[in-house]
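What follows is a set of notes on a single structure, which appears directly below.
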Amino acid sequence: MATATLTFDLNDPDDRMEHLRCIKSLDMALVIWDIMEKQRYAYNKLDTTDMTVEDIIEWWNKEINEILEERNIVIDELVI
């Protein structure tokens, strides 16, 4: 059996961020999955005939932010 061990210095801000990226990787993959599913739904069900581009962008921003919240993904913790 092959094993791998990752070691992080949680007192180091860069290492702490790397640690969060590792432990959040499944949640981030699920966010991508959820967004792709939402895209299929939107393509098939969302009536955009009366929506402006700004309305659609606002709708997508709201949907993506809800998915991120549901999965407890805080982008600023993982990137900045």
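Throughout, read-outs are computed from the coordinates displayed, never taken from laboratory work. Everything numeric here is computed off the predicted structure, so don't read it as measured data. Here Cβ is always computed from backbone atoms with ideal geometry, including for glycine, and neighbour counts include all displayed protein chains.
Using Cα pairs closer than 8 Å and at least 6 residues apart in sequence, work out the relative contact order for the chain, in percent. Before the final figure, lay out the partial values.
On the way: 30 pairs, mean separation 33.8, N = 80.
Over the chain, the number comes to 42 percent.
About its Cα centre, the stretch 1-51 has a charge dipole of approximately 260 debye under the convention of +1 per Lys or Arg Cβ and -1 per Asp or Glu Cβ, with nothing else charged. Bridging of residue 38 to aspartates and glutamates at a Cα separation below 17 Å is possible for 27, 47, 55, 58, 63, 66, 69, 70, once same-chain residues fewer than 8 apart are set aside. For the chain, the mean residue ellipticity at 222 nm estimated from helices alone is -21500 deg cm²/dmol, where every DSSP H run of n ≥ 4 contributes -39500 (n - 2.57) and the total is divided by all residues, rounded to the nearest 500.
Between residue 20 and residue 48, what FRET efficiency comes out of the Förster formula 1/(1 + (r/R0)^6) with R0 = 41 Å and r the beta carbon distance, rounded to 0.05? Walk me through the intermediate numbers first.
On the way: r = 36 Å, r/R0 = 0.88.
Here the calculated transfer efficiency is 0.70.
Take the Cβ-Cβ distance between residue 6 and residue 36 as r, set R0 to 35 Å, and report the resulting FRET efficiency rounded to the nearest 0.05. Using R0 = 35 Å, I get an efficiency of 0.80. Quick check on the stretch 14-78: what does the Kirkwood estimate of hydrodynamic radius come out to from the alpha carbon pairs, in Å? The answer is 13.2 Å.
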